[in-house]
Every structure is written in structure tokens, then in C-alpha cells.
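One structure is given below, encoded as C-alpha cells.
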Amino acid sequence: MPHEGYFTAPLARVDPAVAASLHGELRRQQDQIELIASENLVSKATLEAMGSVIVNKTVEGYPGKRYYGGAEFADAVERLAIERAMELFGAAHANVQPHSGSQANLAVFAAFLDPSDPILAMDLSMGGHLSHGSPVNISGRWMDAHHYGVDPHSGRIDLDAVAARARQVRPKLIICGGSAYPRSIDFSGFRAVADEVGAVLVADIAHVAGLVATGLHPDPIPHAHVVTTTTYKNLRGVRGGLILTGDPDLARPIDSAVFPGVQGSVILNAVAAKAVCLGEALRPEFADWAAAVLTNARAMAEVLVERGFAVVTGGTDTPIVLVDLTDAGLTGSAAQRVLEDAGLTVNKNTVPGETRPPWVASGIRLGSSAGTTRGFGEEEFRTIAELIADVLTAAAAREATAVVDVTRRAVTDLCRRFPIYPAP
Ligand SMILES: *Cc1c(COP(=O)(O)O)cnc(C)c1O
């Protein structure tokens with residue numbers, strides 16, 4: 001028998017230490033402005049699904065083909081997630097089980113590659129992702145990973161250069177899409193390169209999934225053999241991954257690569273929460289939200305350019321604004337620190353042509369997804385960009401203290417005007 005209160009006592013009473021950390025995190029999210037591009041704010045409904053008793057259920061396999069009994073509701077909720085993902089992206093098949101974006105990519109490698117096969121992806125320091133063949137990731141240790149970059153002057157992908165690299169490397173798989181690339185991707189151009197060398201094309205749309213779903217970014221489904229994404233960035237859901245394809249013949253190899261290939265049982269509470277966020281994304285309001293994400297990112301980029309900052313590619317087609325601080329007298333890590341002091345949460349990021357190690361970096365990456373969810377519009381994002389410019393300009397002149405104080409007050413004011421999650 002469990003101890004008294006096991007099924008009824010609230011966390012705050014049972015475990016005040018953990019409750020204090022969670023409460024602190026709630027306050028942090030309420031009181032600072034979230035500009036990390038990999039983050040968002042999920043709905044109350046999504047949180048409820050994530051914290052539901054389906055967390056107790058263990059299933060392996062797929063709806064209708066489970067290895068354990070009692071799967072009626074597990075099947076129902078996973079089917080909902082699958083159907084919604086297919087509808088949202090116009091895909092012939094969806095796998096909603098990947099525990100994260102990296103797991104989704106690993107499963108795709110398992111589906112199409114043998115160890116040591118050559119792959120070609122965007123370089124991490126130019127905006128790629130660890131799971132795209134970085135030497136410290138299993139994708140780079142087990143595959144023969146090669147990379148393409150961006151044009152050093154424009155900051156954009158040069159498809160002719162990618163094609164030339166592909167002819168040298170003869171990859172079995174090409175990945176397009178990344179974590180810090182602010183421009184839209186020419187999926188059909190990538191497909192032409194892939195076809196020329198006989199490679200599988202994977203589009204990783206983690207940072208633009210919401211824009212893709214609403215037609216605000218080119219659609220990879222008709223061009224890429226496989227599409228992977230996370231669900232917690234621009235798709236506004238919980239932590240997790242998705243794999244999509246427009247080709248019904250690829251459904252089986254993808255599904256068996258996820259299970260039993262690289263994963264065991266399903267994180268069903270995450271699948272339930274994915275179903276909720278996908279349902280939300282199918283509503284017309286989501287298209288308005290996605291359009292605002294883009295408008296807001298562009299407004300931020302515009303103000304920063306006006307204020308003399310080097311915005312990589314001069315603007316953005318995505319939620320991401322990448323700022324190159326190489327000539328601003330500030331490292332990425334110093335910028336991240338001083339902005340955090342002011343209540344503006346960003347991450348340091350490498351920039352094309354990076355000269356510093358990644359833990360220092362020469363840039364910062366800003367994202368508009370979480371702030372837009374909070375309700376900030378173009379006017380607020382212009383203000384936020386002005387605040388960022390004020391803080392960075394002062395920090396570069398080694399006189400940030402007063403500006404940080406003023407900014408902190410402006411941030412608090414903005415946060416009070418756009419509250420998130422009522423206090424428990
Ligand atoms: C965030 C991201 C991923 C996956 O990250 P996880 O932390 O494993 O969820 C994969 N690819 C890209 C391009 C990303 O931005």
C-alpha cells in the first residue's frame with residue numbers, strides 16, 4: 001500500500017524542494033522576455049495532457065499493433081496525433097513517437113543508412129544542428145559526415161556550392177534545414193541536388209514547422225523524402241519530435257526505424273500533448289499567430305539593422321534573427337549574460353565565419369515564437385529590439401549598469417501587461 005496522501009497530496013506539501021524549483025521557473029518565465037528561438041509557451045490544455053495519468057501506460061509498437069494489452073485509449077490518442085500531423089502538413093504518413101528532434105533524425109539515419117555511409121548537411125557553426133553529423137554526436141561518429149556552409153558574404157546557402165560538394169562527397173543522404181539559419185530553404189533545389197547524386201533528402205524544419213504548416217514558408221513535403229521536426233519550438237507544443245513523409249512507401253521503414261530501431265516504449269503523455277498542440281495548430285487562430293511570429297521577427301531585425309547591428313543576411317524569413325557581434329566589441333557570451341541581467345533571455349550563437357569557440361561565440365540568436373505566444377505584437381517587438389540595442393551598445397562601451405536597470409524595469413512593465421499562466 002502506498003503512503004498516505006500518495007494519490008491526493010499536492011506536490012507543494014509532499015516535496016517542497018522540487019515544488020520551489022518549479023515555482024521559481026514559473027516566476028522566471030512570467031518575469032522575463034523569452035527570446036530563445038528553441039522555446040515557446042504551451043497552452044494550459046497542452047500542459048494538462050502532459051501531466052495526465054496516461055503517463056502510467058506502457059505501450060510499444062503502433063496503434064492496433066501493440067505488444068501490451070489495455071491500449072485502447074493509448075491507441076486513440078496516438079491515432080489523433082497521427083491524423084492531425086498528416087492533415088496539418090499534408091503528409092501521407094506521420095510518426096509521432098520520437099522523444100526529441102535528435103531522436104527523429106537518428107531514426108531517419110537508421111531507416112536509410114548503414115554505418116559509415118556518407119552524409120551531407122549544413123555545418124553546425126554556420127547554423128546546422130548537432131544531430132546533423134557533428135563529430136561529438138553519434139550522427140558524426142557513426143556516419144561519414146560532410147558539411148556545406150553558407151556564402152561568407154550573403155550568409156545564405158549557395159545551392160551551386162552544395163551541388164559541387166555533393167558531387168565530391170556522393171552522400172547517401174542530404175539534410176537541409178538548421179538551428180540558426182534565418183532564411184527560407186529552397187527544398188526543390190535541394191531535391192535536384194539529391195537526385196543528381198542519388199541521395200535521400202531530409203528536411204529538418206524544427207525552427208519553421210509552424211510557418212510551414214500555415215504556408216508562410218516553402219513546403220518540404222512535395223520535395224524531401226522525409227521531413228523531421230521538433231514539436232516544442234515553432235509548433236508551440238511540448239518537447240518531442242515528429243517524422244513526416246509524402247511518400248506512403250516510406251511509412252514502414254520510418255516506423256520500424258523509430259520502433260524497434262532506436263526507441264522502446266512510447267512517451268504517451270507527450271504524444272497526448274502533441275495531439276493537443278497539433279489540434280491547436282489546425283485552428284485558424286494558429287495561422288494568425290504564425291503570421292505574427294514572422295512579422296515580429298522581421299520587426300526585430302529591422303530595428304537592429306537601423307541601430308547599426310550586423311543582422312546575418314540582413315533580415316529573416318523565419319522566427320530567427322541572428323546578430324553578428326564580431327564588430328560590435330562584444331562576444332556572444334558577454335551579450336547573453338548582460339541581456340539576461342536585463343531580463344531578456346537569448347542564447348549566444350556562432351555566426352558564419354566564426355573565429356571564437358562555440359562556448360564564447362560571436363553572435364546571439366533571437367527568436368520571436370515565445371514572445372508572440374505571450375501576446376507581444378510588432379510594437380512590443382520593436383521596443384524589445386530597441387532595449388536589446390540599448391543594452392548591447394552600453395555593454396560594448398563598458399557602461400551597462402544603469403542601462404541594465406532601466407531595461408529591467410521596462411521588461412517588467414511589458415511582462416505585467418502580457419501575463420502568462422495564472423499563479424497556482
Ligand atoms: C532543436 C533542433 C533539433 C532537435 O533537438 P532536440 O533537442 O533533440 O529536440 C533537431 N534539428 C534542428 C535543426 C533543431 O533546431
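The values are calculated or read from the model by the stated rules, or taken from the named source; none is laboratory data. Worth saying up front: this structure is predicted, and the values here are computed from it rather than measured. Counting neighbours? That spans all protein chains shown, and the Cβs are built from the backbone with ideal geometry, glycine included.
Please identify the pairs in which a residue from region 65-88 that is more than 23 Å from Pro220 (Cβ to Cβ) has its Cβ atom under 8 Å from the Cβ atom of a residue that is surrounded by fewer than 12 Cβ atoms within 10 Å (Cβ to Cβ), counting only partners at least 6 apart or on another chain.
Final answer for the pair search is Asp75/Gly64.
Considering only region 67-78, I want to know if a residue exists there that is of a type in the set (Asp, Glu), more than 14 Å from the ligand (Cβ to nearest atom), outside any loop (DSSP other than H, G, I, E, B) and surrounded by 19 or more Cβ atoms within 10 Å (Cβ to Cβ).
Looking through region 67-78, at least one residue is of a type in the set (Asp, Glu), more than 14 Å from the ligand (Cβ to nearest atom), outside any loop (DSSP other than H, G, I, E, B) and surrounded by 19 or more Cβ atoms within 10 Å (Cβ to Cβ).
Pick from Leu366, Leu330, Leu304, Leu322: which is under 25 Å from Ala291 (Cβ atoms) and either in a loop (DSSP other than H, G, I, E, B) or touching a Pro at 6+ places or on another chain (Cβ under 6 Å) (or both)?
It is Leu322.
The rows are residues; the columns are (1) among the β-branched types (Val, Ile, Thr); (2) at pLDDT 95 or above.
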residue: Pro358; (1), (2): no, no
residue: Ala361; (1), (2): no, yes
residue: Gly367; (1), (2): no, yes
residue: Thr373; (1), (2): yes, yes
residue: Phe376; (1), (2): no, yes
residue: Glu379; (1), (2): no, yes
residue: Arg382; (1), (2): no, yes
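Name the residue that is farthest from Leu344 (Cα to Cα), counting only residues in region 401-424 that are of a type in the set (A, V, I, L, M, F, W, C) and assigned to a loop (DSSP other than H, G, I, E, B).
The extreme case among them is Ala423.
Is it the case that Arg156 is closer than 25 Å to Pro357 by Cα, touching a helix residue (DSSP H, G or I) at 6+ places or on another chain (Cβ under 9 Å) and in contact (Cβ under 8 Å) with a residue 40 or more places away in the chain?
Criteria met by Arg156.
Identify, by number, the condition in (1) within 16 Å of the ligand (Cβ to nearest atom); (2) in a loop (DSSP other than H, G, I, E, B); (3) surrounded by fewer than 19 Cβ atoms within 10 Å (Cβ to Cβ) that Asp114 doesn't meet.
All conditions pass for Asp114, except number (1).
Mind checking which residues of region 92-107 are away from the ligand (no atom under 12 Å from the Cβ) and surrounded by 20 or more Cβ atoms within 10 Å (Cβ to Cβ)?
Those that are away from the ligand (no atom under 12 Å from the Cβ) and surrounded by 20 or more Cβ atoms within 10 Å (Cβ to Cβ): His93, Ala94, Asn95, Val96, Gln97.
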